[in-house]
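A.B. asks: Supplied in structure tokens, the structure appears directly below.
The values are calculated or read from the model by the stated rules, or taken from the named source; none is laboratory data. What you are looking at is a predicted structure, and each value in this text was computed from that prediction instead of being measured. Because the Cβ atoms are built from the backbone with ideal geometry, glycine has one as well, and the counts that use them run over all protein chains shown. Areas reflect the complete protein model, heavy atoms only, side chains present, ligands, DNA and RNA absent. Shrake-Rupley method; radii C 1.70, N 1.55, O 1.52, S 1.80 Å.
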Amino acid sequence: FSQAASPDEAREEARFVLERLGGATLQYPVAFDSEEAAAGTGRSRTAGLSDAEMTAIAQAFFSEISAAGYGTMLYGNAQDLGRYDSNLLAASPVWWAEYGMPVATARLDFTLWQYSNEGSVAGIPTKVDMDIDLSGALG
């Protein structure tokens with residue numbers, strides 16, 4: 001979850017992520033998640049930034065992550081993803097978050113669908129997010 005309010009901060013966050021990864025091999029891309037209304041905390045520090053500013057922030061994060069050899073993707077719901085330039089959305093894999101719908105209502109292509117935050121998994125005492133990976137179907 002990013003709180004970067006500038007490209008420099010996004011690059012710093014990306015370096016933090018890369019340090020934590022320590023060169024690990026990943027099955028999925030590294031997702032960039034910036035939410036205007038941070039869950040449980042009210043408005044985030046990125047609230048009010050323009051689409052151009054948010055796009056530059058995501059691109060800066062992606063640049064650092066990609067330079068280290070990892071794939072990248074955008075994560076968010078309609079409100080979150082509506083804060084980016086349409087060219088970035090078209091060029092990036094998307095992890096779409098939309099709960100309680102029998103069919104996703106996204107008006108864009110997405111690779112993963114987070115369809116619930118009410119799931120359960122044996123051994124985890126709290127509710128968990130549930131996702132569908134559509135990458136195989138998309139080729």
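A.B. asks: Here are the criteria: (1) without any contact (Cβ under 8 Å) to a residue 12 or more places away in the chain; (2) not in a helix (DSSP H, G or I). Tell me which single one F16 does not satisfy.
C.D. replies: So the condition that F16 fails would be (2).
A.B. asks: Okay, moving on. Filtering the range 111-139 down to residues that are in a loop (DSSP other than H, G, I, E, B) and under 24 Å from L88 (Cβ atoms), which residue is modelled with the lowest pLDDT?
C.D. replies: Ranking the candidates gives G139 first.
A.B. asks: Another question about this same structure. Quick check on my filter: what residues within the range 79-97 are buried (at least 17 other Cβ atoms within 10 Å of the Cβ), in a loop (DSSP other than H, G, I, E, B) and without any contact (Cβ under 8 Å) to a residue 40 or more places away in the chain?
C.D. replies: Result: Y84, S92.
A.B. asks: Okay, moving on. Which of the residues belonging to the range 85-139 are hydroxyl-bearing (S, T, Y) and touching a helix residue (DSSP H, G or I) at 6+ places or on another chain (Cβ under 7 Å)? It would help to see each step written out before you state the result.
C.D. replies: So the first thing to find is which residues in the range 85-139 are hydroxyl-bearing (S, T, Y), and the list is 86, 92, 99, 105, 111, 115-116, 120, 126, 135.
T111, the sole residue that qualifies.
Condition check ((1) closer than 21 Å to I132 by Cβ; (2) modelled with pLDDT under 95) across all residues:
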residue	(1), (2)
E19	no, no
S34	no, yes
A37	no, yes
R43	no, yes
A47	no, yes
A52	no, no
A67	no, no
Y70	no, no
D109	yes, yes
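A.B. asks: Between A31, A56, which is touching a residue at least 40 places away in the same chain (Cβ under 8 Å), in a strand (DSSP E or B) and surrounded by 11 or more Cβ atoms within 10 Å (Cβ to Cβ)? Even if it seems obvious, please write down each step before you answer.
C.D. replies: Working: A56 fails: in a strand (DSSP E or B).
So the residue among A31, A56 that is touching a residue at least 40 places away in the same chain (Cβ under 8 Å), in a strand (DSSP E or B) and surrounded by 11 or more Cβ atoms within 10 Å (Cβ to Cβ) is A31.
A.B. asks: Follow-up question, since we're still on this one. Provide a single number: the residues in the range 41-95 that are acidic (D, E) and closer than 30 Å to T25 by Cβ.
C.D. replies: Filtering the range 41-95 down to residues acidic (D, E) leaves 51, 53, 64, 80, 85.
Filter again for closer than 30 Å to T25 by Cβ, leaving 64, 80.
Total satisfying the criteria: 2.
A.B. asks: Given A67, A47, A10, A4, which one is open to solvent by less than 30 Å² (accessible area, probe 1.4 Å) and free of Cβ contacts under 8 Å to residues at least 12 places away in the same chain?
C.D. replies: On the way: A67 fails: open to solvent by less than 30 Å² (accessible area, probe 1.4 Å); A10 fails: free of Cβ contacts under 8 Å to residues at least 12 places away in the same chain; A4 fails: free of Cβ contacts under 8 Å to residues at least 12 places away in the same chain.
Testing whether each residue is open to solvent by less than 30 Å² (accessible area, probe 1.4 Å) and free of Cβ contacts under 8 Å to residues at least 12 places away in the same chain leaves just A47.
A.B. asks: Just wondering, is there one or more residues in the range 45-62 that are of a type outside the set (D, E, K, R), in contact with an Asp or Glu (Cβ under 6 Å, 6 or more places away or on another chain) and within 30 Å of E118 (Cβ to Cβ)?
C.D. replies: As a first pass, look at the range 45-62 and keep what is of a type outside the set (D, E, K, R): 46-50, 52, 54-62.
Subset that is in contact with an Asp or Glu (Cβ under 6 Å, 6 or more places away or on another chain): 47, 55.
Then drop every residue that is not within 30 Å of E118 (Cβ to Cβ), which leaves 47.
Checking the range 45-62: at least one residue is of a type outside the set (D, E, K, R), in contact with an Asp or Glu (Cβ under 6 Å, 6 or more places away or on another chain) and within 30 Å of E118 (Cβ to Cβ).
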